[in-house]
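Take a look at the structure set out below.
The values are calculated or read from the model by the stated rules, or taken from the named source; none is laboratory data. These numbers come from a predicted model, not from an experiment. With ideal geometry, Cβ positions are generated from the backbone for all residues, glycine too; neighbour counts draw on all protein chains shown.
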Amino acid sequence: MRETVREPMLGQIRLQWWRENIAAAFEGGAVRRHAVVEALTAAIRAYCLTRAHFNRLVDAREEDLVEEPLASLDALEEYAEATSARLVYLALETLGVRDPLAEKAGFHIGIAYALAGLLRAMPYRTRIGPALVPAEIAAAASRHLAAARARRGAVPPAALPALLPAIVAERSLARLKRAGNDPFDPALTAPDTMQSWRLAIASLRKRY
């Protein structure tokens, strides 16, 4: 949110617009003629998506408008759960998967994916506090990936598409490790040309 909105007031207006449209989608009211809103409303109503996930997402993005960095690893993980894991939960629901083990795997994968993304964003702009060391954050992300994969045998196969961000996070963390856990290493700006293939292979192998 902070990357696209310079003025906090404009960000507040945009988020309130989304709150109103999400409320209308869940409450059966008319929604605005907007491609994304109409598609989202259709998904909410077709798959009975959980409103609390949307509310938490919007609240977390409102926190983005504050310039204060996240000063502890716990705060960073809480932010990651709100902004990333919630999207995984919604993806699971869209797939018809409402399984506690799949949701727990999604919890860990969502956090790992977000932490890896925050590390990639450090050279540009990020809410990571100055006291947090990149190696510490990367280690936390790796722990979350391991926790998700420990549940792999018990997660329904239908959940796989929602859990594939684990592949992206793993690759990002591997590249960062090769760079000495220095997110400012210029080598990390090069695109990962094999990412699509890795995702395809993981899908064929039915492993996240």
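Observations, loosely collected:
- The one condition in (1) in contact with a Cys (Cβ under 9 Å, 6 or more places away or on another chain); (2) farther than 30 Å from residue 13 by Cβ that residue 93 fails to fulfil: (2)
Results for (1) over 19 Å from residue 113 (Cα atoms); (2) outside any helix (DSSP H, G or I), shown as yes or no for each residue.
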site: 31; (1), (2): yes, yes
site: 37; (1), (2): yes, no
site: 42; (1), (2): yes, no
site: 57; (1), (2): no, no
site: 60; (1), (2): no, no
site: 75; (1), (2): no, no
site: 78; (1), (2): no, no
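- Restricting the stretch 61-86 to residues that are closer than 18 Å to residue 18 by Cα and of a type in the set (D, E, K, R) leaves a set whose member that is modelled with the highest pLDDT is 86.
Per-residue answers, yes or no, for (1) closer than 30 Å to residue 147 by Cβ; (2) out of contact with any strand residue (DSSP E or B) (no Cβ under 7 Å at 6 or more places or on another chain); (3) of a type in the set (D, E, K, R):
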{"site": "20", "(1), (2), (3)": "no, yes, yes"}
{"site": "23", "(1), (2), (3)": "no, yes, no"}
{"site": "32", "(1), (2), (3)": "no, yes, yes"}
{"site": "46", "(1), (2), (3)": "no, yes, no"}
{"site": "63", "(1), (2), (3)": "yes, yes, yes"}
{"site": "71", "(1), (2), (3)": "yes, yes, no"}
{"site": "81", "(1), (2), (3)": "yes, yes, yes"}
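- Residue that is farthest from residue 155 (Cα to Cα), among those in the stretch 188-208 that are β-branched (Val, Ile, Thr) and at pLDDT below 95: 189
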